[in-house]
Structure formats: C-alpha cells, structure tokens
Amino acid sequence: MRTNDDAFREALKLTLDAMSKGEIWDRERNGFYRYATQRDWSAPHFEKMLEDNGRLLSTYPDFYLLTGDAHYLNTAYGIRDSLLRDLFDQAFLGSVDADSKEVDKRIFTYWNGIASSAFVKLFEVSGERKDLDPAIKATDTILDTLYRKGEGVLHTEDKAGIKLLSNHVWFAGSLLDLYRVMGESRYLESANDIIESTLREFRWAENGLFFDSIAEEDLGFLSEKIWKIDDNSRLSRILINLSLITGEEDYLNEAEELLKRMSAEYEQYGIFSAPLGSAIDKYLRLVHIVIFGEKEEFERISQDALGVFEPNKTLEIIDTSLNPTRITDLGLSDKSGVYACRRGSCTILKENKIKEDLAEFLK
C-alpha cells in the first residue's frame, strides 16, 4: 500500500472480503478452511491448517489498521479463538482433519513461528495481554524442547535428523517480535544465536543465497538444494531488524547482499516474489520506532504509535526498569516517549500528537 494506489487496496479488500464472508470461513467455529474448490471461495476442503490461519491472523489486523473497518479486526479475533480452542496445547498444533476432525498434535517449529508472530501483531493492535500470552507460551515451549544452542532449531520432535531454513527464520523472527514488545533479553539472545547458525550452515556458496534444508541422511530428491524466496526474504527482514536493534552493521550488510542476489533471480517466482518487494521496501526505509519508559508510562502512550499502519517498521518497546542501558546504546535522550528513527536520525514525537506526527513521519 506504499503507492496509495486504490487498485491495490481494492484487490486486497475484494480478496479478504470474499474469504471472510464466503464458505471458506467456518461460520460455526471460526477460522479458515484450507482451500476452496471453486473460484468464488465455495465448496471448501474442510481441513484447517495452522500455517494458513497463522498467516491470515497477521493480514487481517494490518488491513484493519489501514482501513479502520472493524470487520477485519473481528475476523482476526475469530481466527484467534479458533486456533486457541482447536490447535493449542502448550504450543500451536498442526492441523484439524477435514473428515475425522482429529487434531495433528505435532508441534512444527516453522508454523509456530508464523502463529506466534501473528499473535504479537494482534497484541500490538488490540493492546490486550491475552493476545500476547499464547505467543509467549508457544515460544517458550519450543525453546525448551526443539532449540539447540549453537545449532538452531529442529523441525519437530519426530524429525531430529533434518534442519529446515524455514524453521530457523520464522522462529527467530517470532523471538525478535517477542523481544520487541517485551524487552526480555533471552529472546534477543536466542534469535541472534539461531541467525548466526543460519548464516553459518545454510549459506549456498555458489550463489550467496540460503538453501532450504540440511539432512543427515540421503533423502533422494528432497536432499537436493533449492532456495525459497519467501524464506530468504524473511531472513533479510530479520537481519535488518537485528541491525536496528543491536546496532551491528554486519547484519545490515548481509541483508543488503542477500537482497541484491535475490533481485537477480526473482523473475522465476512470479507473484510469489512479493515478499522480496516488501523486504526491499523495509531496507530502503529503515524505519525504527522506539517506545520507552517505565511500564505504566509506555503502556499509556504505546497504543497511539501501534495504531499507525506501517508494515515494514521495526518497532521496539523498552521497559527502562528491565533494560536501563538500552536507551544509552541507541544514543537517545533519557526522556521517555516515542522516538521515530530513520537511518539513525531520530526525533521524539509530541505526546499529545503521537498518531498524527508518526503518520506524517512515515509518509
């Protein structure tokens, strides 16, 4: 929506409306079915997937911020309720079968990363702690069971012999999302460790991109290296976030090089190259929004900043009682409030005009 072209907005609105008001939406128990067999979103296949609903749980709150139409936020709440009722037990579970309605109770790291980031997004929009708690619980469960310090994360408990790039980048992204809104250093440290493992183990020497899997045994065709534009784009976004949050220029340089290499290869992906375009936009703008103060202070002012649509910002909430040195590290004054930064240049927003000033800054 960067261009303010109404055609893009209307295309997205048409799609989101057709889905949320069509047969692919479960009108009894909420949430989306896996796919529809007809072009008008009718005659759905009744399986429900964590991945699909997790991705859509990120999309609908964004469109709510863009339009102000409560229908999209209510749709997100419906997805939330469906996931927590049917696909959550210590972490997010895989799927609900179309016929038997049995739940695949395996915990997939990749999909949990998607869902946890979506719940953080919903929390940023709603301001309700209940929308953050599932992300915390799921993330802590995976840290306890599937994360290996210095080695990355496993796919799931019964697939210990294979590492997937998707697990690393989506789970590391959700760790960073939790760090941004909670300020707990353990999430940042784990995300940093996973990304360092990713850069070390998944880099494809021939083209500088990152291949999809590392297997400890010969899996035939599945052992052949391929690169996926979605995962590589996600990695570039995480590298940008890490650079802004840690101040490490090497991460930004890695992101720049990765984006250049993907830009030379993207045409083969057609419309599926959209994540690359979004990642390039994030790199070109380098927007960093910092909200800090004592907890009662930033809770009062943060919703105004969170309520401004900017999908490619890096937003960081800092509780100075938990992380007193972070402001010094960023080179900001000790006055609590909302700071808007672009490429290292920051300005504090007026407390009574946060939403208006931030919207103007982001133009």
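The values are calculated or read from the model by the stated rules, or taken from the named source; none is laboratory data. Note that the structure is predicted; figures quoted are calculated from it, not measured. Don't worry about glycine lacking a Cβ; one is built from the backbone with ideal geometry, like all the others, and counts go over all protein chains shown.
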**Item:** Failed item in (1) in contact with a Gly (Cβ under 9 Å, 6 or more places away or on another chain); (2) crowded, with 24+ Cβ neighbours inside 10 Å, with residue 152 passing the rest
**Value:** (1)
**Request:** Scan the stretch 337-359 and give yes if some residue there is outside the structural domain of residue 176 (by TED's automatic domain parsing), outside any strand (DSSP E or B), without any contact (Cβ under 8 Å) to a residue 60 or more places away in the chain and in contact with a Lys or Arg (Cβ under 8 Å, 6 or more places away or on another chain), otherwise no.
**Result:** yes
**Item:** Among (1) buried (at least 24 other Cβ atoms within 10 Å of the Cβ); (2) closer than 21 Å to residue 200 by Cβ; (3) out of contact with any Asp or Glu (no Cβ under 7 Å at 6 or more places or on another chain), the one test that residue 110 misses
**Value:** (1)
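Yes/no matrix, rows are residues, columns are (1) surrounded by fewer than 23 Cβ atoms within 10 Å (Cβ to Cβ); (2) touching a residue at least 24 places away in the same chain (Cβ under 8 Å); (3) over 26 Å from residue 21 (Cα atoms):
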{"residue": "54", "(1), (2), (3)": "no, yes, no"}
{"residue": "69", "(1), (2), (3)": "yes, no, no"}
{"residue": "79", "(1), (2), (3)": "no, yes, no"}
{"residue": "85", "(1), (2), (3)": "yes, yes, no"}
{"residue": "117", "(1), (2), (3)": "no, yes, no"}
{"residue": "146", "(1), (2), (3)": "yes, yes, yes"}
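Please work out if residue 99 is under 21 Å from the mean Cα position of the chain (by Cα) and acidic (Asp, Glu). Spell out how you get there, then give the answer.
Numbers: under 21 Å from the mean Cα position of the chain (by Cα): no; acidic (Asp, Glu): yes.
Here the answer is no, as residue 99 does not meet what is asked.
Can you tell me which residues in the stretch 36-52 are touching a residue at least 12 places away in the same chain (Cβ under 8 Å) and either assigned by TED's automatic domain parsing to the domain that holds residue 362 or hydroxyl-bearing (Ser, Thr, Tyr) (or both)? Write out each step before concluding.
Filtering the stretch 36-52 for residues touching a residue at least 12 places away in the same chain (Cβ under 8 Å) gives 36, 40-52.
Passing the criteria: only 42.
Look through the stretch 1-17, keep the residues that are hydrophobic (A, V, I, L, M, F, W, C) and either closer than 16 Å to residue 309 by Cα or buried (at least 16 other Cβ atoms within 10 Å of the Cβ) (or both), and return whichever of them is modelled with the highest pLDDT.
16
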